[in-house]
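Asker: The following block contains the structure, expressed as structure tokens.
The values are calculated or read from the model by the stated rules, or taken from the named source; none is laboratory data. Quick caveat, the model's predicted, so the values are computed rather than measured. Cβ placement follows ideal geometry from the backbone for every residue including glycine, while neighbour counts extend to all protein chains displayed.
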Protein chains: 2
Amino acid sequence: MSAVELVELWRGDIRESVHRGHAVICDGSGAVIEAWGDADKIVLPRSSAKMVQALPLLESGAADAAGLTTEQLALACASHSGAAIHTGRAERWLADLGLTDSDLRCGPQDPEDPAEHKRLLCSDESPCQVHNNCSGKHCGFLTLNRHIGAGPEYTEPDHPVQLAVRAAWEEVTGETCPGFGIDGCSAPNFAASLAGIGRAMAGYAAAREGRGRRQGAQARLVQAMMAHPALIAGEGRACTDLTRTLGGAGVVKTGAEGFYIAILPERQIGVALKVEDGTTRASECVITAILVRLGVLSPEHPVAQRLRNPRLLSRRGLDTGQMRPVPGLFD
Amino acid sequence: MSAVELVELWRGDIRESVHRGHAVICDGSGAVIEAWGDADKIVLPRSSAKMVQALPLLESGAADAAGLTTEQLALACASHSGAAIHTGRAERWLADLGLTDSDLRCGPQDPEDPAEHKRLLCSDESPCQVHNNCSGKHCGFLTLNRHIGAGPEYTEPDHPVQLAVRAAWEEVTGETCPGFGIDGCSAPNFAASLAGIGRAMAGYAAAREGRGRRQGAQARLVQAMMAHPALIAGEGRACTDLTRTLGGAGVVKTGAEGFYIAILPERQIGVALKVEDGTTRASECVITAILVRLGVLSPEHPVAQRLRNPRLLSRRGLDTGQMRPVPGLFD
């Protein structure tokens, strides 16, 4: 099954652009209950896998040994904007570990947060590694690494930290990992089928504390992300706005190159999607359309309107057209 | 014929993303000599149409009456970065017309030029309409408008300036315009088939001065764009770097939503392409691959390497994969 048309852009009476891709919805048993495109496609989840990359941090006991807060657990699962609320917490976390920015291996990144971008640019400061959208994940890696006493190059694919992540990835997806890529933050990003990732997210949605170490760790990460939506992305970002709007019904998490997941504990449902061309505007539109389809988000909510059915304005503010899900696909 | 896979991104051993679309190569007679995807697809050229939108400016005699330089003709065909070399020329052009920034109808835009972006942000200045990447095109509209003595709302689809553009568009594409959209700069953007746009660009490639008003105007616009590659886009931009590298063999021009054209006078060839999903990284890759295929650009040239076969690096500089044309497609 090839990629299907998911999103279309109209300008005047011309259908100007279209985005294709694949999406799955899985139930608490891990079964695919709905699919668009190829559910068996091998994909890279990119940052949509962060709640899995954080699993060994909890299951090893490292998080509790370090006394990590729910804010730190949310930050470990974040693709943040590099705002002060993110970088300050990452810096304190490093200091608690007796480490500094130079112990990170994620590399520096110009922050997406407008205020911090302006502060750095106008003071001729270079971004630090804590500005990297993955710095919380890397603080989690460093906390696990401290706990197990392994070497400093924790992003190497054969490092004990990454071997633990790979084992967790194979367990929650229920698949033997078919390969991996090196992510923008220089850590390995393990592949799976889209259905396997939907199954993993459904597992997080069905996880409950008191049902063993695995489920307890998964439930704590989901609760932390839902409790701190501003920490998993940033003000004005889709993950923050959608998770806030879900109001405890679930959490969504973006990944680079058009990936998105949703974890809906109340419904014990997991969602995973990949826009073939890697475009974020389309992955945000599709995850929003699926949340509306599942009845956990009102199509009238301003956030749903903005992400699922945005009007396209000229630089003078004239209405020039719209982006929308392909009609009938998610209705 | 549906869109075909044009460009693929690889991360490690995973084919992570793919871009589909349509492309045509036309000869001096206007015949399609090569096509990928659907040559008859109705598309919006966006800024790739600027050398057609500037045609009435020359054919009416307005450009010569105003004594426009080749720099101004290049700027009229530009999607510029809003650098000082662009905004300064646009401001002087407006002053020569006895007009100001407020007479433009393109709207303000934060400049892509890093130095000007920094200057505005750090001085808390708002961008002006001359910063809009289309401000040169709009100065051309205002020059034509002054010449014909029409009203100030020159971007209205039924304004004489836009009716003249529409007539020129239908003549060079050889088609009755099937519709239009309002562009980001609030001017109408007229649609055509991809083959019609390739035919139009081949007409520009075959045009010679001394062969009548139409060909003379087309040849002057092409010569102006080739003579001033820094004015049609900006330092570091694909249009500027590719046109410079072509060294008089031709000019390329990007359009929003994954559009690109090439005009190759020495070969009397025109190229037009549309990436279905609207992604610039892919349209830059495909136009570069076609220039290499046509033998006017060396695959070893650093600009060709950067745009056609870029390595994808992590934020720490690790090699994580590559973007490339689909193998065999343009070889």
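Asker: Taking the range A:210-233 on its own, how many of its residues are outside any helix (DSSP H, G or I) and of a type in the set (Gly, Ala, Ser)?
Answerer: Number satisfying all stated conditions: 2.
Asker: I would also like to ask the following. Hey, any hits in the range A:111-118 for a residue that's over 26 Å from A:GLN215 (Cβ atoms), more than 10 Å from chain B (Cβ to nearest Cβ), over 19 Å from the mean Cα position of the chain (by Cα) and touching a residue at least 40 places away in the same chain (Cβ under 8 Å)? Quick ask: steps written out before the conclusion?
Answerer: Residues of the range A:111-118 over 26 Å from A:GLN215 (Cβ atoms): A:111-118.
In the following step, the residues that additionally are more than 10 Å from chain B (Cβ to nearest Cβ) were identified as A:111-113, A:115-116.
From the residues that got through so far, the ones that are over 19 Å from the mean Cα position of the chain (by Cα) too are A:115-116.
Checking the rest, the ones that are also touching a residue at least 40 places away in the same chain (Cβ under 8 Å) come to none.
Looking through the range A:111-118, none of the residues is over 26 Å from A:GLN215 (Cβ atoms), more than 10 Å from chain B (Cβ to nearest Cβ), over 19 Å from the mean Cα position of the chain (by Cα) and touching a residue at least 40 places away in the same chain (Cβ under 8 Å).
Asker: Looking at B:LEU68, B:LEU55 in this structure, which one is closer than 20 Å to B:PRO157 by Cβ and surrounded by 18 or more Cβ atoms within 10 Å (Cβ to Cβ)?
Answerer: On the way: B:LEU68 fails: closer than 20 Å to B:PRO157 by Cβ.
Exactly one residue qualifies, and that residue is B:LEU55.
Asker: Go through the residues of the range A:184-193 one by one and say whether even a single one is surrounded by fewer than 24 Cβ atoms within 10 Å (Cβ to Cβ) and more than 19 Å from the chain's Cα centre (by Cα).
Answerer: Looking for residues that are surrounded by fewer than 24 Cβ atoms within 10 Å (Cβ to Cβ) and more than 19 Å from the chain's Cα centre (by Cα), one finds none in the range A:184-193, hence no.
Asker: Could I ask something else about it? For the range A:234-293, which strands (runs of 3 or more DSSP E) that fit wholly inside it have 3 or more residues that are on the phi < 0 side of the Ramachandran plot and within 14 Å of chain B (Cβ to nearest Cβ)?
Answerer: Details: elements: A:251-255, A:259-264, A:269-275.
Ranges flagged: A:269-275.
Asker: On the basis of being crowded, with 21+ Cβ neighbours inside 10 Å and modelled with pLDDT of 95 or more, does B:CYS106 make the cut?
Answerer: Numbers: crowded, with 21+ Cβ neighbours inside 10 Å: yes; modelled with pLDDT of 95 or more: yes.
Criteria met by B:CYS106.
Asker: Next question. Return yes when A:ASP13 is buried (at least 18 other Cβ atoms within 10 Å of the Cβ), over 18 Å from A:ALA289 (Cα atoms) and acidic (Asp, Glu) and no when it is not. Full working, then the answer.
Answerer: Numbers: buried (at least 18 other Cβ atoms within 10 Å of the Cβ): no; over 18 Å from A:ALA289 (Cα atoms): yes; acidic (Asp, Glu): yes.
No: the conditions fail for A:ASP13.
Asker: What's the number of the condition A:ASN145 fails, among (1) in contact (Cβ under 8 Å) with a residue 60 or more places away in the chain; (2) surrounded by 18 or more Cβ atoms within 10 Å (Cβ to Cβ)?
Answerer: With respect to (1) in contact (Cβ under 8 Å) with a residue 60 or more places away in the chain; (2) surrounded by 18 or more Cβ atoms within 10 Å (Cβ to Cβ), A:ASN145 is out only on (1).
Asker: Just the residues that are within 20 Å of A:CYS134 (Cβ to Cβ) and surrounded by 16 or more Cβ atoms within 10 Å (Cβ to Cβ), please, taken from the range A:227-241. Steps first, please.
Answerer: Of the range A:227-241, the ones within 20 Å of A:CYS134 (Cβ to Cβ) are A:228-240.
Answer for the range A:227-241, where residues must be within 20 Å of A:CYS134 (Cβ to Cβ) and surrounded by 16 or more Cβ atoms within 10 Å (Cβ to Cβ): A:HIS228, A:PRO229, A:ALA230, A:LEU231, A:ILE232, A:ALA233, A:GLY234, A:ARG237, A:ALA238, A:CYS239, A:THR240.
Asker: If you go through the range B:245-288, how many residues are under 12 Å from B:ILE25 (Cβ atoms) and among the small types (Gly, Ala, Ser)?
Answerer: 3
Asker: Only one of these conditions is not met by B:GLN305: (1) outside any loop (DSSP other than H, G, I, E, B); (2) surrounded by fewer than 19 Cβ atoms within 10 Å (Cβ to Cβ); (3) within 14 Å of chain A (Cβ to nearest Cβ). Which number is it?
Answerer: (3)
Asker: Does A:LEU6 satisfy the criteria of being more than 29 Å from B:LYS274 (Cα to Cα) and of a type in the set (A, V, I, L, M, F, W, C)? Before the answer, list the steps.
Answerer: Values: more than 29 Å from B:LYS274 (Cα to Cα): no; of a type in the set (A, V, I, L, M, F, W, C): yes.
No; evaluated as a whole, the condition is false for this residue.
Asker: If you go through the range B:154-178 one residue at a time, how many are within 13 Å of another protein chain (Cβ to nearest Cβ) and under 20 Å from the mean Cα position of the chain (by Cα)?
Answerer: Looking only at that region, the number is 2.
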